[in-house]
Amino acid sequence: MAASPTPRPTPSDDRLTAAGGPNPCGPPLQDWCARWPVEPPGRVAVAYSAGADSTALLLAAHAVWRDRLVALHVHHGLQTAADHFESTARAVCQDLAVPLHVAHVQAAPAPGQSPEDAARQHRYGALASLARSVNASQVLLAQHADDQVETVMLALSRGAGLPGLAAMPERFVRHGVTFGRPLLGTAASELRCWLRESGTAFVDDPSNTDTRYTRNRIRAGLLPAWAAAFPGFRATVARTARHAAQAQGLLDELARIDLARTGRPPAIAELQSLSAERQANALRHWLRSEWGVVPSETQMQAVLRQVDACRTRGHRLHLKVADGTLRREGAHLAYSRAGEGAPI
């Protein structure tokens, strides 16, 4: 006898239909539940900053997982408003009877690191640690359609390849924790309009208008221009990101096939039997999946030239790639970060 399908969670909270009408996070969250059901008694966490987007998501999630929901808040310590964010989060969660767990981090960037990248890395690390501590099976993030468009535009401005154009996946694993983005098809204006009309309190992040950050310049200048020239651009950009993600998935599959042949770390002679394009694809996948690094186009071209020239036993290969070194160790390539190994 076939097993009964997992019941789809049914909203049970009048906060989905407040004075401003239905919460726009409700339908996409319901679709998310259908695609990625969370089996009882698993707990679900929302990364809750107390900003507009995560507030709307928290209210929608509360309607679906009232007794299984927890909120996770990361206090970055980067701006004076951070304490206000935390106090607002505590008040809202107390009102909803949602357990709130807070992590305080110092997210100052390392030398040469962008503030955005530093904050992102600290945030994901803290969220993963909090999720594990409360046994949450997944953490929901409130990134929406505008965030996805901004990510694609950032990738285009940097000349990124398919991984960049694929933008943000709707589900991924980081630090051993599953994260989900159910709102990637929902416009930011829908969320904020509903919050205003329903009278729901949230905190406006003052850094969102700071044009020193590239995303804010895109948000303030490019998005309105795109909206004027191409109404409905969010959906088409999202479709482009999905196509890029599908294509990258095929390249990753090919890389795994080629790395099964070359070995991990790759054997130089086996790499040389592949076309230059497949060599680059396999090496990028190996470096990204095992070391978390992405070589620049210039670095990869230098690697391919050296791999091609490496046809005698005494040929030395020693190249800077990202924040480490790619070198030859006998018949294979090896990678190490500064201080982790000495070149041969």
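Against the conditions (1) surrounded by fewer than 14 Cβ atoms within 10 Å (Cβ to Cβ); (2) in contact with a His (Cβ under 6 Å, 6 or more places away or on another chain), ALA188 satisfies every one except (1).
When ALA34, ALA97 are checked against the criterion of being surrounded by fewer than 22 Cβ atoms within 10 Å (Cβ to Cβ), more than 25 Å from ALA188 (Cβ to Cβ) and modelled with pLDDT of 90 or more, a single residue qualifies: ALA97.
Those helices (runs of 4 or more DSSP H) of region 155-225 in which 3 or more residues are in the same structural domain as LEU58 (by TED's automatic domain parsing) and in contact with a Gly (Cβ under 6 Å, 6 or more places away or on another chain) occupy 188-198.
What are the residues in region 146-170 that are surrounded by 16 or more Cβ atoms within 10 Å (Cβ to Cβ), of a type in the set (A, V, I, L, M, F, W, C) and over 27 Å from ARG68 (Cβ atoms), if any? VAL149, VAL152, MET153, LEU154, ALA155, ALA160, LEU162, LEU165, ALA166, ALA167 - these are the residues of region 146-170 that are surrounded by 16 or more Cβ atoms within 10 Å (Cβ to Cβ), of a type in the set (A, V, I, L, M, F, W, C) and over 27 Å from ARG68 (Cβ atoms).
Does PRO265 satisfy the criteria of being outside any helix (DSSP H, G or I) and surrounded by fewer than 19 Cβ atoms within 10 Å (Cβ to Cβ)?
Values: outside any helix (DSSP H, G or I): yes; surrounded by fewer than 19 Cβ atoms within 10 Å (Cβ to Cβ): yes.
In short, yes.
Let's see how each residue does on (1) buried (at least 22 other Cβ atoms within 10 Å of the Cβ); (2) more than 18 Å from PHE202 (Cβ to Cβ); (3) under 17 Å from the mean Cα position of the chain (by Cα):
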site: PRO41; (1), (2), (3): no, yes, no
site: ALA45; (1), (2), (3): yes, yes, yes
site: TYR48; (1), (2), (3): yes, no, yes
site: THR55; (1), (2), (3): yes, no, no
site: PHE85; (1), (2), (3): no, no, no
site: ALA103; (1), (2), (3): no, yes, no
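Based on what the data block shows, is ALA128 surrounded by fewer than 22 Cβ atoms within 10 Å (Cβ to Cβ), under 30 Å from VAL237 (Cβ atoms) and among the aliphatic types (A, V, I, L, M)? For ALA128, the condition - surrounded by fewer than 22 Cβ atoms within 10 Å (Cβ to Cβ), under 30 Å from VAL237 (Cβ atoms) and among the aliphatic types (A, V, I, L, M) - is met. Per the listing ALA245, ALA269, ALA238, the residue uniquely in contact (Cβ under 8 Å) with a residue 60 or more places away in the chain and touching a Gly at 6+ places or on another chain (Cβ under 8 Å) is ALA238.
Pairs are defined by a Cβ separation below 8 Å, a sequence spacing of at least 6 or placement on different chains, a first member in region 77-93 that is of a type in the set (Asp, Glu), and a second member that is surrounded by 15 or more Cβ atoms within 10 Å (Cβ to Cβ); the pairs so defined are ASP83/HIS75; GLU86/ALA50; GLU86/HIS73; GLU86/HIS75; GLU86/VAL102.
Candidates in region 5-22 are the residues that are of a type outside the set (A, V, I, L, M, F, W, C) and touching an Asp or Glu at 6+ places or on another chain (Cβ under 9 Å); of these, the one that is modelled with the lowest pLDDT is THR6.
For beta carbons closer than 7 Å, sequence separation of 6+ or different chains, a first residue in region 23-37 that is assigned to a loop (DSSP other than H, G, I, E, B) and a second that is of a type in the set (D, E, K, R), the qualifying pairs are ASN23/ARG15; PRO24/GLU190; TRP36/ARG171.
With the structure loaded, tell me whether VAL237 is assigned to a loop (DSSP other than H, G, I, E, B), within 30 Å of ASP147 (Cβ to Cβ) and among the aliphatic types (A, V, I, L, M) or whether it fails that test. It is false that VAL237 is assigned to a loop (DSSP other than H, G, I, E, B), within 30 Å of ASP147 (Cβ to Cβ) and among the aliphatic types (A, V, I, L, M). Of all residues in region 297-323, those satisfying the criterion of being farther than 20 Å from ASN281 by Cβ and either among the acidic types (Asp, Glu) or in contact (Cβ under 8 Å) with a residue 12 or more places away in the chain (or both) are ARG311, HIS315, ARG316, HIS318, LYS320, ASP323.
The values are calculated or read from the model by the stated rules, or taken from the named source; none is laboratory data. Quick caveat: nothing in here was measured; it's all calculated off a predicted structure. All Cβ positions, even for glycine, are placed from backbone atoms using ideal geometry, and neighbour counts span all protein chains on display.
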